[in-house]
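**Q** The structure that follows is given in the form of structure tokens.
The values are calculated or read from the model by the stated rules, or taken from the named source; none is laboratory data. All figures in this text were calculated on a predicted structure; none of them were measured in a lab. Ideal geometry is used to build each Cβ from the backbone, glycine not excepted, and the neighbour counts take in all protein chains shown. The area values use the complete protein model at the heavy-atom level, side chains included, leaving out ligands, DNA and RNA. Shrake-Rupley method; radii C 1.70, N 1.55, O 1.52, S 1.80 Å.
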Amino acid sequence: MEDIVNDRPSTDASMNTLVSLCKRRGFVYQSSEVYGGLTSAWDYGPLGVELKNRIQRAWWRAMTQLHDNIVGLDAAILMHPRVWEASGHVENFTDPLVDCRTCRNRFRTDQMSEELLNARKCPECGGELTDPRQFNLMFKTHLGPVESDASVVYLRPETAQGIYVNFKNVVQTSRVKVPFGIAQVGKAFRNEITTKNFIFRTCEFEQMEMQFFVHPSEDEKWFEYWKAERFEFYKRLGVRQSRLRFHQHGPGELAHYAKVAFDIQYEFPFGWKELEGIHNRTDYDLRRHMEFSGKDLSYLDDVRGERFTPFVIETSAGLTRTVLTVLADAYDEDEVEGEKRSVLRLHPELAPITVGVFPLVKKDGLAELAGEIERSLREEFSTFYDQGGAIGRRYRRQDEVGTPFGITVDYQSKEDRTVTLRFRDSMEQVRVKIEELPERIRRAIREYRRMGE
Ligand code: GAP
């Protein structure tokens, strides 16, 4: 067993360390890098897309499979432009901005110091700033070949509206009864000005949103229910509870549609920031769509014998932001045999690779046996076979991408059909019969707890 020094608190990842690991190991690349990159757009590499898909699957399962009253939807990104008038986004989805007359940079006034703002001084070059004005965050494009005002459409800034405009369709076709929810995962787009901090805030991102339709008299009860559920979700993903907290929106922070809102915040390397928003949107959206479309979106409750417009409790999580959260939370360093080890302590359900399989040496039939074991595990687990270099180096490569289990085939394996199973976090190694590997790994996944938590 490797000699591990692990009796100290986890090491925080700096953003530079994370960005470099993500690039080096194929989690996240800068978009269009060969052309010098595009600000605020990122591509998910082979391991990044696996991690993102696993987070999405965990959310989908938690929402739809584990609740008998939530159904799914996948609405189009492009919607009728009236949707965004009704939703209030054309009028209200704005950031207050100033421009620098000298360097032409643009800044959000709510993120500038009072001092610079009062002096109308550019934070970059000291040049003179323009008067503040409201800047709409929606991306506009044109549908069809003619670029006119009549052909304007928007890239959706939230997935939620696709759910509201399908409310009636779902009620009529799915036999759902209030209270019930509609869940959706998809891309959203915002022309954000502040786009630093890697994938935290980007112009193109993914959301995992669920709109829960309730009787107006039950909004507070369901709001509390979803607040608690959503907090638990991140704990179940293995995110440390000490890095999670709630933040209630003050009157100045509330979105135009919200009566009450709480964020679940995570302590990122750059401070406490929003990870998910839980909003009581009242009947605002359905009511506005009724007004603008002229269609009746009220609900007839045959148990209560009452017709009403449901209130909506919304849980709105950023998928790409959760990728950053999970990576930042998982990153750790310790010391093994006098050398620094970088390790991602990812929950095994999220790790892009679940099991690494390594022959101790390539010769004497060990590579063949290791290949056979790897192929037999593929059906159930995501596996990776590696026969190159010293075994310690191979372990280290998998630790760095968060692979929770390693199987090593050695000479004894040929004699008694046992292998060593190595655990990423503790680096403990146990001898296991080859036939017992699947059950042993299954159990370790089920019982996984982060060390020290
Ligand atoms: N439908 C409600 C809504 O969109 P929001 O608080 O604006 O609410 C919800 O966004 C979540 O979407 C945020 O908590 C965050 O995780 C994610 N998100 C929002 N803007 C983002 C951006 N520019 N880049 C990455 N994620 C973003």
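**Q** Evaluated at 10 °C with a viscosity of 1.306 mPa s, what Stokes-Einstein diffusion coefficient in µm²/s does segment 67-210 have when Rh comes from the Kirkwood expression over alpha-carbon pairs? Walk me through the intermediate numbers first.
**A** Numbers: Rh = 17.8 Å.
So the translational diffusion coefficient is about 89 µm²/s.
**Q** As an exercise, identify the GluC sites (Glu not before Pro) in segment 249-333 lying in DSSP coil whose Cβ has no more than 16 other Cβ atoms within 10 Å.
**A** Numbers: sites: E253, E267, E274, E276, E291, E306, E314, E333; in loops: E253.
Taking segment 249-333 and a limit of 16 other Cβ atoms within 10 Å, the loop GluC sites (Glu not before Pro) found are E253.
**Q** Here's a follow-up. What percent do you get for the relative contact order of the chain when only Cα pairs under 8 Å and 6+ apart count?
**A** On the way: 821 pairs, mean separation 66.9, N = 453.
Relative contact order of the chain: 15 percent.
**Q** Please state the shape class of segment 114-184: rounded when a/c is under 1.5, otherwise prolate if a/b exceeds b/c and oblate if not, all from the C-alpha gyration tensor.
**A** Values: a/c = 5.10, a/b = 1.98, b/c = 2.57.
Oblate.
**Q** Per residue, how much space in cubic angstrom lies within the convex hull of the C-alpha atoms of segment 348-394?
**A** On the way: hull volume 3.0 nm³, N = 47.
Given the Cα convex hull of segment 348-394, per-residue volume reads 63 Å³.
**Q** Oh, and also: Name the cysteines of the chain that stand alone by the Cβ rule: no other cysteine Cβ under 4.7 angstrom.
**A** Cys with no partner Cβ under 4.7 Å: C22, C203.
**Q** Can I ask one more? With the radius of gyration and the Kirkwood radius both derived from the Cα set of the chain, what is their ratio Rg to Rh? Show your work: numbers first, answer last.
**A** Numbers: Rg = 25.5 Å, Rh = 24.8 Å.
Rg/Rh for the chain comes to 1.03.
**Q** To make sure I understand the rule: partners must be lysines, Cα under 24 Å from the Cα of K414, and not fewer than 8 residues away in the same chain. Which ones qualify?
**A** K362, K363, K433
**Q** So, one more: If you roll a 1.4 angstrom probe over the protein chains with everything in place, what fraction of the accessible area of the chain belongs to carbon and sulfur, to the nearest %? Each step should come with its number before you reach the end.
**A** On the way: 10290 of 21560 Å².
Answer for the chain is 48 percent, counting heavy atoms of protein chains only.
**Q** Per residue, what accessible area does segment 244-294 have, given a 1.4 Å probe and all protein chains present, in Å²? Could the numbers behind the result be given before it?
**A** Values: 2160 Å² over 51 residues.
Here the residues of segment 244-294 average 42 Å² of exposed surface.
**Q** Turning to a different aspect of this structure: Just tell me which lysines come within less than 25 Å, Cα to Cα, of K235; anything on the same chain fewer than 8 places away is out.
**A** K52, K187, K221, K227, K273
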